[in-house]
Amino acid sequence: MNELTFEELVRQSYNCLEWKHLQKIRNENVRLELVDMNDNTIESDEAVQMSFENNEPFFKIKLTPFQHPVTIEKKKTIKNALVIMIGISEYTNNKNWCNLPGVKEDNTENFKQLFEQELNYTFVCNPSPSMTKEDVQDFMDRVIIDHGLRKNTKKYDGLIMIICGHGDQGDEGDEGDEGDVLVTSDGGSIPIAEFRDPFNCKRMRSFEDFPKIFIIDVCRSKSNPESQKPATTEKGKLHKDDGFLVIWSTTKGNTVADLSLLSEYMKNIVTSTYKSGHPFKQALQDIRTEIRNKNDFYCVESQDTTNYDIVFEQRKSA
């Protein structure tokens with residue numbers, strides 16, 4: 001290389017390509033991308049110089065399809081959400097499951113400040129920090145009935161479900177559950193899917209057109225959930241899993257420290273941006289970036305089956 005710049009590295013990289021690669025770039029709408037040996041994208045002079053300073057001047061060339069910008073033409077504004085939070089902070093067997101005071105003292109308070117005090121949404125939370133598996137199931141049944149969800153008698157336009165506590169850390173639970181679970185105070189486990197499934201488009205028809213945001217702050221199992229047969233749907237009809245935005249505090253197979261970073265940054269960033277119409281998905285990207293800069297134990301992941309932007313608006317008091 002004549003100079004340690006990104007431009008020079010790109011020039012040298014093109015010289016390394018064979019004719020078939022150049023044809024691929026021209027005919028298949030792909031672009032050349034440079035990454036280091038850890039698959040970190042190289043796209044600045046500083047990144048090139050740092051690689052040489054660290055005595056690691058090795059780069060890989062990737063031919064990546066162009067990502068056409070996704071234009072989301074629709075947006076849905078949440079003005080009257082129901083927020084359901086289950087936070088378990090006390091456990092019977094502290095040898096296997098330590099207590100999580102941060103869930104009660106920090107997570108619950110942060111989410112209450114954001115959704116109940118700032119946005120004025122209906123906020124429902126388990127009253128006791130200790131809940132057995134049956135307690136959790138009874139709590140969810142009561143919420144569905146008391147708030148008239150099956151007919152949506154209270155005219156909610158969005159659902160936000162928050163789950164905090166211990167999750168599976170790779171060992172089988174008492175019932176051999178696989179995949180992502182919430183561990184209850186008695187050591188039982190409830191698959192996260194059991195919280196989501198009652199609100200899918202087939203089972204909760206009154207919520208089929210509404211955003212359903214799930215915020216899950218638990219450790220995640222290394223085991224893979226059992227594969228399911230792909231669901232079929234009529235053309236133009238909603239799939240039962242449409243409309244969900246699921247946010248995890250960490251990726252599959254990883255644990256999280258009890259630092260309450262997700263709730264803290266979500267409260268601060270959403271509070272400071274929502275009044276300008278800032279889409280929640282963009283706020284989520286800001287949250288992910290800020291948390292990674294603060295603590296490497298957290299790697300926020302999201303799974304999105306919506307086809308619109310979600311915007312929060314403060315509910316007007318009756």
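Below is a table of values for the structure above.
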{"item": "Hey, Phe312 crowded, with 18+ Cβ neighbours inside 10 Å, on the phi < 0 side of the Ramachandran plot and modelled with pLDDT of 90 or more or not", "result": "yes"}
{"item": "Among (1) surrounded by fewer than 16 Cβ atoms within 10 Å (Cβ to Cβ); (2) at pLDDT below 90; (3) farther than 30 Å from Ser206 by Cα - the single one Asp36 does not satisfy", "result": "(1)"}
{"item": "Which numbered condition Asn80 fails, given (1) closer than 17 Å to Tyr156 by Cα; (2) under 21 Å from the mean Cα position of the chain (by Cα); (3) of a type outside the set (Phe, Trp, Tyr)", "result": "(2)"}
{"item": "Test: residue in region 112-126 that is within 19 Å of the chain's Cα centre (by Cα), under 30 Å from Lys275 (Cβ atoms) and surrounded by 21 or more Cβ atoms within 10 Å (Cβ to Cβ)", "result": "yes"}
{"item": "Residue satisfying condition, being of a type in the set (D, E, K, R), at pLDDT below 90 and assigned by TED's automatic domain parsing to the domain that holds Pro191, within set Glu264, Glu301", "result": "Glu301"}
{"item": "Number of the condition not met by Met161 [criteria: (1) at pLDDT 95 or above; (2) hydrophobic (A, V, I, L, M, F, W, C); (3) outside any helix (DSSP H, G or I); (4) more than 20 Å from the chain's Cα centre (by Cα)]", "result": "(4)"}
{"item": "Matching residues in region 288-318 - criterion: being in contact (Cβ under 8 Å) with a residue 24 or more places away in the chain, more than 17 Å from Lys212 (Cα to Cα) and of a type in the set (Val, Ile, Thr)", "result": "Ile291, Val300"}
{"item": "Of all residues in region 56-79 being farther than 30 Å from Lys316 by Cβ and among the polar types (S, T, N, Q), the one that is modelled with the highest pLDDT", "result": "Thr64"}
{"item": "Qualifying residue in region 146-153 (condition: out of contact with any Ser or Thr (no Cβ under 6 Å at 6 or more places or on another chain), more than 25 Å from Val300 (Cβ to Cβ), of a type in the set (D, E, K, R) and modelled with pLDDT under 90)", "result": "no"}
{"item": "Test: residue in region 191-202 that is at negative phi, modelled with pLDDT under 65 and in a loop (DSSP other than H, G, I, E, B)", "result": "no"}
{"item": "The lone exception for Glu90 - which of (1) within 30 Å of Val183 (Cα to Cα); (2) surrounded by fewer than 16 Cβ atoms within 10 Å (Cβ to Cβ); (3) within 26 Å of the chain's Cα centre (by Cα) it fails", "result": "(2)"}
{"item": "Scan of region 276-307 for residues that are within 16 Å of the chain's Cα centre (by Cα), hydroxyl-bearing (Ser, Thr, Tyr) and surrounded by fewer than 17 Cβ atoms within 10 Å (Cβ to Cβ), ordered by number", "result": "Thr289, Ser302, Thr305"}
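The values are calculated or read from the model by the stated rules, or taken from the named source; none is laboratory data. These numbers were taken from a predicted model, which means no experiment stands behind them. Cβ: placed from backbone, ideal geometry, glycine included. Neighbour counts: every protein chain shown.
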